[in-house]
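The values are calculated or read from the model by the stated rules, or taken from the named source; none is laboratory data. As the structure is a computational prediction, the values presented were derived from the model and not from experiment. All Cβ positions, even for glycine, are placed from backbone atoms using ideal geometry, and neighbour counts span all protein chains on display. We work out accessible area using only protein heavy atoms, side chains counted, and drop any ligands, DNA or RNA first. Shrake-Rupley method; radii C 1.70, N 1.55, O 1.52, S 1.80 Å.
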Amino acid sequence: MEECQFDVIIFGTGLVNSITASALSKAGYRVAHIDSNPYYGADEASLSLEELIQWADKAASGSDPSSRFQCVTRSAEVPSQSRQFSICPQPAVIPSVGPLISSLIASSVAKYSGFRLLDCISVYDSSGRVTNVPGSKQDIFKSKAISLIEKRRIMRFLTFASGDFETAEELKGKEGSPFLEFLSTTFSLSRELSSIITYSLAFSMSSSDTTLPALLRLQKYLRSGGRYGPSPFLIGHYGGIGDITQGFCRASAVSGGVYILSKKVSGITRVESPKHFTESDDKPKFNYAVTLDNFLDTLLCRLIISPPTYVPANVQHEARQLPPISTAEFRSNIASIARCIAIIDQALLKQSPNADFSNTSGAATNESGADTHLTPPNTSNNAIDTAILVFPPSSVTGGSTTHSASALINGEGSLATPKGKWLVYIMLPLDRQPEQSVSPENLLRPYLDALLNLAVDPSKAPIKPLFTTFYFENPVLPLNNPGMEPSSNYLVPSPTPFASLPDTPDYAALIAESTFKEAVKVLRETRPAKGDEQAGDVPFWPPLERDDDDDDDVEW
């Protein structure tokens with residue numbers, strides 16, 4: 001039956017595979033996309049509080065030995081309106097310039113999604129003070145906390161970082177030195193300013209992070225500011241990355257992709273048939289037969305793309321693990337991440353009363369003039385709706401002395417919570433796998449307690465959370481004993497490494513593009529599509545169809 005025959009079957013609806021599925025469908029390939037979960041997004045899904053509790057209980061039970069999430073604990077009490085939350089176990093924000101935003105625009109997924117600018121990025125210091133990080137030259141020069149000499153040094157550095165610095169004299173021989181050291185020795189910046197730039201502008205995760213990767217990240221963020229508003233970062237509505245993942249799945253379905261959820265794979269077997277064909281072959285030939293639990297039909301395909309957890313033992317020797325993306329921007333030596341999700345019903349301070357850096361929020365504008373479904377940042381009061389708060393090393397008593405923690409606060413402005421509620425996501429990177437005696441709550445409780453003391457209404461501090469869950473997130477392990485055949489018909493994308501809040505989505509988009517190109521190469525070798533030009537590359541995204549009344553500069 002033709003409805004059960006596909007060019008590609010993709011397992012798992014995480015961000016990498018969802019982008020890949022959308023691109024392949026738009027390129028004209030017939031795609032089946034399968035997930036054992038009852039929702040889209042896999043580990044990056046947007047979950048209601050009810051679904052998050054089910055997810056946490058399943059992870060805590062140990063029923064899934066392949067789960068990346070360990071030592072999961074949660075509150076016994078469940079707050080009301082549980083179905084009105086959109087919660088992502090792996091939250092992230094999106095730089096206004098980068099691979100993911102490019103894919104959102106080129107695929108037209110952005111037209112069907114909503115986004116919000118961050119109100120601000122703030123930094124917490126050891127005195128318990130919260131300071132907004134300046135978002136522009138004007139903010140820096142208006143600050144009374146920075147001396148005139150320091151302002152000039154900061155501007156010199158920011159001019160350097162936003163330009164083509166890779167061949168600059170200031171960087172020669174210092175690419176691998178710690179970024180903190182580079183800032184203090186090369187640009188004579190104070191310890192406090194170096195810390196703010198390192199952890200709150202470059203989003204370095206540890207004091208040992210090296211200079212070149214930090215500069216490349218900072219350059220992208222500096223160039224992101226002003227594209228859609230004063231903040232360089234956007235967050236998606238309804239849970240962020242989870243809803244964006246679903247958007248790519250929706251785009252794939254519009255282009256003919258077939259979606260099957262809540263079905264576990266019961267078997268994958270090789271179909272014995274010739275691997276290469278001639279143009280005279282009229283009948284499609286298939287390489288794999290896939291059977292699903294409680295699903296009558298057998299699915300046939302020429303190519304499978306899946307994470308390692310979906311690869312059965314009988315075909316593991318045929319699966320080819322794709323190599324990691326090589327880019328200095330995303331180097332990481334993080335072995336695990338301790339995470340916390342908390343729900344609160346009291347607003348948090350955007351900035352401490354005595355802090356002097358200027359507020360970075362303002363009216364949101366889109367430089368292209370197109371409809372972006374963009375919610376502007378909150379400017380009505382001193383309360384946070386959607387923001388990032390960075391805790392540098394040693395800023396919190398009982399916290400890490402080597403790594404920075406980040407908190408993403410998410411309120412009703414991003415349509416992720418009911419009115420009067422906020423989600424607080426805390427992440428702390430670790431340079432080694434935690435021992436069994438170490439709990440994520442013990443590591444993260446100092447940061448959560450510090451946050452809960454930042455209530456807008458001092459009489460409400462410390463805020464009592466309505467719900468909390470703590471867990472460790474471990475990396476996706478590469479495939480054991482993978483096949484080495486370059487033309488393998490079973491591809492396993494490279495795992496997404498641990499990265500900071502703004503970096504993970506962009507790295508996933510790069511992996512998706514690499515996977516797409518490899519998939520097209522394999523599909524062309526097995527059976528070229530009619531009219532397919534073998535000499536040219538298939539574009540990752542086909543050219544956008546434009547309306548006659550569109551302005552020439554409309555991007556989104």
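Scanning the range 502-515 for residues that are of a type outside the set (S, T, N, Q), out of contact with any Pro (no Cβ under 7 Å at 6 or more places or on another chain) and more than 19 Å from residue 107 (Cα to Cα) turns up just one, 503.
Would it be correct to say that residue 497 is part of a loop (DSSP other than H, G, I, E, B), open to solvent by less than 60 Å² (accessible area, probe 1.4 Å), under 30 Å from residue 96 (Cα atoms) and touching a helix residue (DSSP H, G or I) at 6+ places or on another chain (Cβ under 7 Å)? So residue 497 passes the test.
Has the range 67-82 got at least one residue that is open to solvent by 30 Å² or more (accessible area, probe 1.4 Å), in contact with a strand residue (DSSP E or B) (Cβ under 9 Å, 6 or more places away or on another chain) and among the basic types (Lys, Arg)? Yes, the range 67-82 contains a residue that is open to solvent by 30 Å² or more (accessible area, probe 1.4 Å), in contact with a strand residue (DSSP E or B) (Cβ under 9 Å, 6 or more places away or on another chain) and among the basic types (Lys, Arg).
All told, residue 446 meets the bar of being open to solvent by less than 30 Å² (accessible area, probe 1.4 Å) and out of contact with any helix residue (DSSP H, G or I) (no Cβ under 8 Å at 6 or more places or on another chain). Of all residues in the range 200-254, those being under 30 Å from residue 34 (Cα atoms) and in a strand (DSSP E or B) number 3.
Among (1) open to solvent by 60 Å² or more (accessible area, probe 1.4 Å); (2) touching a strand residue (DSSP E or B) at 6+ places or on another chain (Cβ under 9 Å), which single condition is residue 55 missing? The single condition residue 55 does not satisfy is (1). Among the candidates 142, 220, the residue that is touching a Ser or Thr at 6+ places or on another chain (Cβ under 9 Å) and open to solvent by 10 Å² or more (accessible area, probe 1.4 Å) is uniquely 142. Taking the criterion of being open to solvent by 10 Å² or more (accessible area, probe 1.4 Å) and either not assigned by the TED database to the domain that holds residue 121 or not in a loop (DSSP other than H, G, I, E, B) (or both), the residues of the range 404-424 that qualify are 406, 412, 413, 422.
Look through the range 393-403, keep the residues that are open to solvent by less than 40 Å² (accessible area, probe 1.4 Å) and out of contact with any Asp or Glu (no Cβ under 6 Å at 6 or more places or on another chain), and return whichever of them is nearest to residue 90 (Cα to Cα).
That would be 403.
Residue count for the range 490-521 satisfying the condition of being among the hydrophobic types (A, V, I, L, M, F, W, C) and either at pLDDT below 90 or more than 28 Å from residue 6 (Cα to Cα) (or both): 3. So which residues in the range 223-245 are open to solvent by less than 20 Å² (accessible area, probe 1.4 Å) and farther than 28 Å from residue 17 by Cα? Within the range 223-245, 229, 231 qualify. Applying a threshold of 8 Å to beta carbon distances and a minimum spacing of six or more residues, or different chains, the list of pairs starting in the range 149-174 at a residue that is closer than 17 Å to residue 210 by Cα and free of Cβ contacts under 8 Å to residues at least 60 places away in the same chain and ending at one that is hydroxyl-bearing (Ser, Thr, Tyr) and open to solvent by less than 40 Å² (accessible area, probe 1.4 Å) reads 170/186; 171/211; 174/186; 174/211.
In this structure, residue 488 does not satisfy being assigned to a helix (DSSP H, G or I) and polar (S, T, N, Q). Between 135, 176, the distinction of being under 26 Å from the mean Cα position of the chain (by Cα), within 13 Å of residue 222 (Cα to Cα) and open to solvent by 30 Å² or more (accessible area, probe 1.4 Å) belongs to 135 only.
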